[in-house]
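Visitor: This is the structure, below, for whatever I ask next.
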Amino acid sequence: TNINNGKELQGELYNKKKNGEFFWESISISPVKNSEGIVTNIVAIKEDITEKKNQVELLYRLNRTLKAMHDSNEAILLCDDESQFMNEVCKVIVEDCGHKLVWIGFAEDNNSKKVNPIAFYGKDKEYVEKLNITWDDSDYGNGPTGTAIKTGKVAICGNMFTSTDFEPWREEALKRGFVSSIVFPFKINNEIAGAITIYSSDQDPFSTEEINLLSELVKDLSYGIDILRLKKSKEKADIELRNHRDNLEVLVKIRSGELQSANEQLKSASIYMRTLLEASLDPLVTIDKTGIITDVNRATELATGLSR
C-alpha cells in the first residue's frame, strides 16, 4: 500500500541467519516513479544494526544498575536494622535491574557448612526456602553460590539448561523461568560471610561492565551491614553508659587509702572506655602525652584499612 501510494517504507527486523545466529536489520524501501508519476520499481536498502542494538541494550542495563547502586546506598540511611536493609537491597536489584529473583545467604562456619537464606525479593519465596545449598565439596556445595563462598570470587551460571554444576536445582529453577544466575560473595570484618545470588530469565545476560557495577553494589552491602552493626553496638553502649554512670562518679572520688579498690575500678573503667570508643560511628583514636597513638576503634580500622 505504501509503495502504491508512492511512500517510503522503513522498519527494523529481527532475523535468523543460516547458522542459527540472530541479528537485527534495518530496511528502507523507496518507490521509483517514471516521468508520468507511476511506480515502476523499488529500491531496498538493508543494514545490519545488531551492534548498535547491542550497545543501546548495554547502556540501558548499565543505567538500571547505576540506579540500583544509588537506591541501595539510600537504604543504608533509611533502614533501622540489618534484616530490613538486606531485604531492601534485594528489592532494589529486582525492581531497578529487572532480574527475576535475588536472595542473600549467610554461610555457617561449622561442620554442616549450610548457606542460610536470610533475605530475598522476587518471584518465588518457596523456591528459596527449598534450595538446600552448602559450601562444602558435595554436589550441593559446588553450585554457583557454594563456589562463590569457597573461592571468594564471582560465580556465574550462564545457562541452567546445560550447566552440570546446577543439576541439583535445575528442574525447580526452569519451572519458574530462571535461565541464568550470578553470585557475588560479600565480606563482613574482612572475612567472607555469605553471598548474594541474582537470577535472570535470559541466557548469559551479564556483561563485564554490569558485573563490575554489581560488584561495587555488593561492597556497599558489606559496608552497610558494618555500619548498622556499629550503630547497634552504640545503642548498647549508650544503655551501659546510663547503667554505669554511678560507678564513674565513684571513680573520681577515690582516695589514696583505697588504692586496691581504686585499681579494680580503674580496670573496669578502662574496659568501659574501650566500649565507648568502639561505639562511635566516627573514627576515633586515643593519644598519650608524648603524642603516641595508644588505641583506635573499629571505625578507624574501616576508614584507614589498617588493623588496630
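Visitor: Out of every Cα-Cα pair in region 161-244, what percent are more than 16 Å apart?
Guide: 66 percent
Visitor: Let me ask something else about it. Relative to the first principal axis of the alpha-carbon coordinates of the chain, what is the inclination of helix 259-279, with its axis defined by its Cα atoms, in degrees from 0 to 90 and to the nearest 10?
Guide: Compared with the principal axis, the helix lies near 10 degrees.
Visitor: While we're here: Given the rule -39500 (n - 2.57) for each run of at least 4 DSSP H residues, summed and divided by the residues of the chain, what is its mean residue ellipticity at 222 nm, to the nearest 500 deg cm²/dmol? Walk me through the numbers on the way to the answer.
Guide: On the way: 8 runs with 136 residues, N = 308.
About -15000 deg cm²/dmol.
Visitor: Hey, what did the chain get for relative contact order, percent, Cα under 8 Å, at least 6 apart?
Guide: Values: 475 pairs, mean separation 33.6, N = 308.
With pairs under 8 Å counted, the relative contact order is 11 percent.
Visitor: What do you get when you divide the Cα radius of gyration of region 165-308 by 2.2 N^0.38 Å, with N the number of residues? Write down the numbers at each step before the final one.
Guide: Details: Rg = 24.3 Å, N = 144, 2.2 N^0.38 = 14.5 Å.
Taking the Cα Rg and dividing by 2.2 N^0.38 Å, one obtains 1.67.
Visitor: Using a 1.4 Å probe on the protein chains only, how many percent of the accessible area of the chain belongs to carbon and sulfur? Working shown, then result.
Guide: Values: 9490 of 18840 Å².
Carbon with sulfur: 50 percent of the solvent-accessible area.
Visitor: If you add up the charges near Ile149, with Lys and Arg at +1 and Asp and Glu at -1, over every other residue whose beta carbon is less than 15 angstrom from its beta carbon, what do you get?
Guide: Values: positive: Lys113, Lys114, Lys150, Lys153, Lys187; negative: Glu108, Asp109, Asp136, Asp137, Asp165, Glu191.
Net charge in that neighbourhood comes out at -1.
Visitor: In a Debye calculation with equal point scatterers on the alpha-carbon sites of region 25-165 and no solvent, what is log10 I(q)/I(0) at q = 0.15 Å⁻¹?
Guide: Calculated log10 I(q)/I(0) at the listed q: -0.92.
Visitor: A follow-up question, please. Using the 2.2 N^0.38 Å rule of thumb for compact globular proteins, work out how region 82-175 stacks up: its C-alpha Rg over that value, please.
Guide: Values: Rg = 13.2 Å, N = 94, 2.2 N^0.38 = 12.4 Å.
Taking N as the residue count of region 82-175, the ratio is 1.07.
Visitor: Continuing with the same structure: Per residue, how many Å² of accessible area does the chain show with a 1.4 Å probe? Working shown, then result.
Guide: Details: 18840 Å² over 308 residues.
Counting only protein heavy atoms, the per-residue value for the chain is 61 Å².
Visitor: Please determine, in degrees from 0 to 90 and to the nearest 10, the orientation of helix 82-97 with respect to the longest principal axis defined by the Cα atoms of the chain, where the helix direction is its Cα long axis.
Guide: Value to nearest ten degrees: 10.
Visitor: Another question, if that's okay. Tally Lys and Arg at +1 and Asp and Glu at -1 over the other residues with C-beta under 13 Å from the C-beta of Asp136: what net charge comes out? Walk me through the intermediate numbers first.
Guide: Values: positive: Lys113, Lys114, Lys150; negative: Glu108, Asp109, Asp137, Asp139.
Once all neighbours under 13 Å are counted, the net charge is -1.
Visitor: What figure, in Å² to the nearest 10, do you get for the accessible area of Arg170 with a 1.4 Å probe and non-protein molecules left out?
Guide: 40 Å²
Visitor: I'd like the FRET efficiency for Glu21 and Glu216, computed as 1/(1 + (r/R0)^6) with the beta carbon distance as r and R0 of 35 Å, rounded to 0.05. Present the calculation step by step, with values, prior to reporting the outcome.
Guide: Numbers: r = 33 Å, r/R0 = 0.94.
Efficiency at R0 = 35 Å is approximately 0.60.
Visitor: Any idea what diffusion coefficient region 146-207 gets from Stokes-Einstein, in µm²/s, Kirkwood Rh on alpha carbon pairs, 4 °C, 1.567 mPa s? Can you show the working numbers first?
Guide: On the way: Rh = 12.1 Å.
For these conditions, the coefficient is 107 µm²/s.
Visitor: Give, to the nearest whole percent, the P(r) tail of the chain beyond 23 angstrom, counting all Cα pairs.
Guide: Counting pairs separated by more than 23 Å, the tail of P(r) holds 69 percent.
Visitor: For every other residue with a beta carbon closer than 10 angstrom to the beta carbon of Leu101, add +1 if it is Lys or Arg and -1 if Asp or Glu, then tell me the sum.
Guide: Computed value for this residue: +3.
Visitor: Return the sequence-ordered ³J(HN,Hα) values of region 170-178 in whole Hz as given by the Karplus equation 6.51 cos²θ - 1.76 cosθ + 1.60 applied to θ = phi - 60°, using x for Gly and Pro.
Guide: Values, residue by residue: 4, 4, 5, 5, 5, 4, 9, x, 7 Hz.
Visitor: Using all Cα-Cα distances in region 200-241, what percent lands in each 10 angstrom bin from 0 up to the longest?
Guide: 25, 27, 21, 15, 10, 2
Visitor: Oh, and also: Along the Cα→Cβ direction, 7 angstrom out, place labels at Ser307 and Ser112. What is the inter-label distance in nm?
Guide: Between Ser307 and Ser112, the label points sit 3.1 nm apart.
Visitor: Loop by DSSP (not H, G, I, E, B), at most 13 other beta-carbon atoms within 10 Å: where is the longest site-free stretch of the chain for GluC sites (Glu not before Pro)? Don't jump to the answer; show the numbers that get you there.
Guide: Details: sites that count: Glu8, Glu21, Glu36.
The segment 37-308 is the longest one with no such site.
The values are calculated or read from the model by the stated rules, or taken from the named source; none is laboratory data. What you are looking at is a predicted structure, and each value in this text was computed from that prediction instead of being measured. Counting neighbours? That spans all protein chains shown, and the Cβs are built from the backbone with ideal geometry, glycine included. Surface accessibility is based on the protein's heavy atoms, side chains included, excluding ligands, DNA and RNA. Shrake-Rupley method; radii C 1.70, N 1.55, O 1.52, S 1.80 Å.
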